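So the structure is just underneath, and the comments pick up after that.
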Amino acid sequence: MSVRSRPHSPVSLPSPHEAEFEPLQAFLLKNTTVYAYPRQRRRPRNRTEDVDSVKAICQRLLYFLTFYTVLALFFVGYLNWYMYFQVPRDHPALTGMQSALQMNPGLSYIPNPDLFSTLLYFRTREPLPYYKKSDEMAAFLHAYQDNTGSTEYEDCVQEGGYKQNPERPCTYDINAGGPCNIMNGYGFDTAQACFVLKMGRIYGWLPDPIDEFATGVLVKCSGVTEDDTFNLGIIRYYDMDYKFSAIAPGKNPGKLDNGSFHSMYFPYTGQLAYLQPLVFVLFDGVKRNTFIRVRCWLIAKNIKVDFEKREGSTEFEIIYD
């Protein structure tokens, strides 16, 4: 039986003059040889619709603004509540062995202009590098200037001993530094560099001196090796014991054995304007153009010293060209 094929009916294309097309019709029209794309009429926008769209955008912005404002107020309120009821304001929340230092004070030095290096390079022929170090020393010691007559401090030094006021910290006389002062440029422009050593503050900590002759926590510096110690020259210490010694300050060469953080500055109990005791260390006769490693450590019965972990000690390097 012969099957009679039906002739293909031509695809009816929409007239170019029609206003709208169906998607399929538009596709068929695109693939034909007749390219007739009618201009679709744009429906005119109503002014009321424009106003409604702007109003919807404003409502969204107002919603998010209100939401994040309430969230920020809730966070600030909770933070204030936590700080007021949970964090004490007159003493640390963690004290004693629960604190970070665990009743073992650390030791630090000034100047230390580079946080990522312990090397102090003194270029005596270039004034700018040691000016930066002397400026750091002057900025740190600014709080110690002219505090002897202030009512915020107590003059704890008395004949035959000392006294303490639990409400007012003891004053510290900056003249205890001897030749380590701003008038001498702290010795940075010569081979007589001065450094300031200070202990970390631990709330309620009291020193236990090494013997009956020690006035507080002793501190001693030397080179890491014998060669370093030899290249450092003479090490001189200036502290409050030096300030009130019987020898005239102009003739006193400083203490040669060790420095001392006097016990009258302890304990620290959060006193306002508290001044940490300082020990000035002068390296007299540093060998030039030599890399020298310096090590300083604390000496007391209740201080643990570990050079590898830097507990109760500190290390730095100096070079004089």
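Overview of values
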| item | result |
| --- | --- |
| Cross-link pairs Lys198/Lys309; Lys133/Lys301; Lys133/Lys304; Lys163/Lys309; Lys132/Lys163 - those with Cα-Cα distance over 28 Å | Lys133/Lys301; Lys133/Lys304; Lys163/Lys309; Lys132/Lys163 |
| Segment 97-320: Rg to Rh, with Rh as the Kirkwood radius over Cα pairs | 0.95 |
| Inter-label distance for Glu126 and Gln276, nm, one decimal - labels placed 7 Å from Cα along Cα-to-Cβ | 3.0 nm |
| Highest to lowest packing among 187-198, 75-86, 279-290, scored as the average C-beta count within 10 Å | 187-198, 279-290, 75-86 |
| Point-to-point label distance, Phe67-Tyr203, nm (Cα→Cβ direction, 7 Å offset) | 4.1 nm |
| Sorted peptide list for 122-129, 172-179, criterion being average Cβ within 10 angstrom, highest first | 172-179, 122-129 |
| Amide proton proximity set for Ile292, modelled H, under 5 Å, gap of 5+ | Ile318 |
| Footprinting exposure proxy for Tyr186, Tyr265, Tyr63 (fewest neighbouring C-beta atoms within 10 Å first) | Tyr63, Tyr265, Tyr186 |
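Rule-based calculations on the coordinates, nothing more; no lab input. Not measured: the values here are computed from a predicted model. FYI the Cβ positions are ideal-geometry reconstructions off the backbone, even for glycines, and counts take in every protein chain you see.
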